[in-house]
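Have a look at the structure that comes next, please.
The values are calculated or read from the model by the stated rules, or taken from the named source; none is laboratory data. This one's a predicted model, so the numbers in the text were calculated from it and none came from an experiment. Virtual Cβ from ideal backbone geometry, glycine too; neighbours counted across all protein chains shown. Remember, those area values only see protein heavy atoms, side chains included, never the ligands or the DNA or RNA. Shrake-Rupley method; radii C 1.70, N 1.55, O 1.52, S 1.80 Å.
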Amino acid sequence: MKKRQENTVKTPWEDYLGDVPMHLEYFEGSMFEAVSRMADAYPDAVAFDFMGKSTTYQHMMKEIETCAKALKTIGIREGDKVTIAMPNCPQAIYLFYAVNLVGGIANMIHPLSAEKEIEFYLNDSESITAITLDQFYHKFEHIRKNTKVVNIIIASIRDELSRPIKAGYMLTEGRKIEKIPDDAPVIRWKDFMRMSKFCFYNYKVERCGDDPAVILYSGGTTGTTKGIVLTNKNFNALGQQVIAANPMFRPGDKMLAAMPLFHGFGLGVCIHTMLSQGGRCILVPRFTPKSYAKQIVKYRCNFIAGVPTLYEALLGLSSMNGADLSCLKGVFSGGDSLSIELKKKFDKFLYDHKATVQVREGYGTTETVTACCLTPSHMSKEGSIGLPFPDTYIKIVKPDTDEEVPYGQEGEILLSGPTVMAEYMNRQEETEQTLRLHADGLTWVYTGDLGVMDEQGFVYFKGRAKRMIVSSGYNIYPGQLENILDAHEFVQMSCVIGVPDDYKMQKVKAFVKLAAGIAPSDAVKQELLEYCKKHIAKYAMPYDIEFRDDMPKTLVGKVAYRMLEEEEKKKG
């Protein structure tokens, strides 16, 4: 392990802008309190911008408190779970911090999740209330009877738009939204907020750093979907670490928040880090490379964060021709490996557009909220994912042991620090497999990822020990998709692989051996794809299903998915 405890040890961080400290004093209050402190310090500063409309810290806090009173009125109490299935929009921010203020736990899920996935998330998290947008209402209504959800709150993007933009929205996007029946058993956002007047006191619940605050869903280190329970301190510590590793940050600096808030990267870095440190979020509700590029230029953003596919897409946009990016102080890449070639190309793109910074790659897992390792701004090493944040330790061990390997030798990446999760919800055995206390007194996350550390403490990501597809920054677990396909009466056996893709890095392909008596046909393929749409999130949908008379097998009789991967590579 790279020893960073002693202040006598010099680290590469220390050579830039007043030294990045190895240790920080962490705020022990709630996430709401961390943001509230910024509102007290900068009441008139802009907290976030949404589709041309700015909201100050003072106004944001007022809305959060109104929302908290409304939650209390509908019966949300300390420890209750509230599911938020929203894009990056004002209502999602208000509700996220309001749930925290009343002592609840926010369960963050992808609004584009398939119906059966939503049902799983609601039941697994034991949610009693959910909020989503009007366009997703019907998915929730279809599965509601199978859950313990009491109230569904329905918000609309149009409610937070300025008048001229609202008119345009209703003529375009708004027309596509299927109407919700007038007697639907839901609470509309405006009605919900009006309920606050029935709560007169006692809506603020005191919570401390170690209290659970957020559930994020991930395949985890074993590839099965699990709720990762994160605390107030996990998020507050991340905010402090990110700013400590970026001493060029100043309150009021703008972060383009396009990464989704149901993902640790979007919620932890783009939203909470900014709002708990006095920054300004530019909220992007629906990501497209064009919208991303437009916001960077329009708002002269200081920080941008994204997955490698985003930076690949920006390279080819004619709208970026002549754009002045001299405003940028930090460009962060995470969620997937940034190839050396793409980094070189994008660094040149930044230079050609007057930026004085380069892409800085980071690394982390949802079990540590998100990033816990970042390339310093003043020096990088080709292929490296950087150095650990303050108070974060990384060591490389022989896989599944506590035996450290020498510098330069490949092993499993282990993480320890103040952002390490509390547990996998209701999964004690998997928690004990992933979180292990070592003789050094630290609790370590076994990531299942392979890497190398050099003598200066720089870490190099080498691959995944677990089977996983990464498409546009989303982790997709083939085993989950195979279980879904195998449950269909037409399917005897399936195998799901990732196929190389210039834009997404990988796209999902399924191979199916049909059950006896079922002949391959376009109609059968269509039936299986329709079935998948109901059970699989949009981003994880197979782009193709190929029928096979049989599957290649390993010596022990398992499906040899690597052989199928090799076949596809040769085709490409």
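Here is a list: V445, V452. Which entry is closer than 22 Å to F265 by Cα, in contact with a strand residue (DSSP E or B) (Cβ under 6 Å, 6 or more places away or on another chain) and in contact (Cβ under 8 Å) with a residue 40 or more places away in the chain?
Only one candidate qualifies: V445.
How many residues are under 30 Å from H23 (Cβ atoms) and not in a loop (DSSP other than H, G, I, E, B) when one looks only at the range 190-243?
So the count comes out to 22.
So which residues in the range 60-90 are open to solvent by less than 10 Å² (accessible area, probe 1.4 Å), closer than 13 Å to A130 by Cβ and not hydrophobic (A, V, I, L, M, F, W, C), if there are any at all?
T83
Residue by residue, here is whether (1) aliphatic (A, V, I, L, M); (2) under 24 Å from P21 (Cα atoms); (3) in contact with a helix residue (DSSP H, G or I) (Cβ under 6 Å, 6 or more places away or on another chain) holds:
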| site | (1), (2), (3) |
| --- | --- |
| G364 | no, yes, no |
| V369 | yes, yes, yes |
| P388 | no, yes, no |
| I413 | yes, yes, no |
| M421 | yes, yes, yes |
| L435 | yes, no, no |
| T447 | no, no, no |
| G457 | no, yes, no |
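In addition: One residue is enough: does the range 558-572 have a residue meeting the conditions at pLDDT below 90, surrounded by 15 or more Cβ atoms within 10 Å (Cβ to Cβ) and in contact with a helix residue (DSSP H, G or I) (Cβ under 6 Å, 6 or more places away or on another chain)?
No: zero hits.
Also: Provide a single number: the residues in the range 482-509 that are without any contact (Cβ under 8 Å) to a residue 40 or more places away in the chain, farther than 16 Å from V559 by Cα and not small (G, A, S).
6
Test G168 against the stated conditions and say whether it is open to solvent by less than 50 Å² (accessible area, probe 1.4 Å), closer than 30 Å to A540 by Cα, at pLDDT below 90 and of a type in the set (G, A, S).
It is false that G168 is open to solvent by less than 50 Å² (accessible area, probe 1.4 Å), closer than 30 Å to A540 by Cα, at pLDDT below 90 and of a type in the set (G, A, S).
Could I ask something else about it? Determine which member of the set T273, T288 is in contact with a helix residue (DSSP H, G or I) (Cβ under 6 Å, 6 or more places away or on another chain) and without any contact (Cβ under 8 Å) to a residue 40 or more places away in the chain.
Going through T273, T288 in turn, the sole match is T273.
Okay, next question. Quick check: is even one residue across the range 544-557 charged (D, E, K, R), modelled with pLDDT under 85 and under 28 Å from Y363 (Cβ atoms)?
no
Could you pull out the residue among M259, M274, M255 that is closer than 18 Å to G330 by Cα, in a loop (DSSP other than H, G, I, E, B) and either open to solvent by less than 10 Å² (accessible area, probe 1.4 Å) or among the aliphatic types (A, V, I, L, M) (or both)?
Exactly one of M259, M274, M255 is closer than 18 Å to G330 by Cα, in a loop (DSSP other than H, G, I, E, B) and either open to solvent by less than 10 Å² (accessible area, probe 1.4 Å) or among the aliphatic types (A, V, I, L, M) (or both), namely M259.
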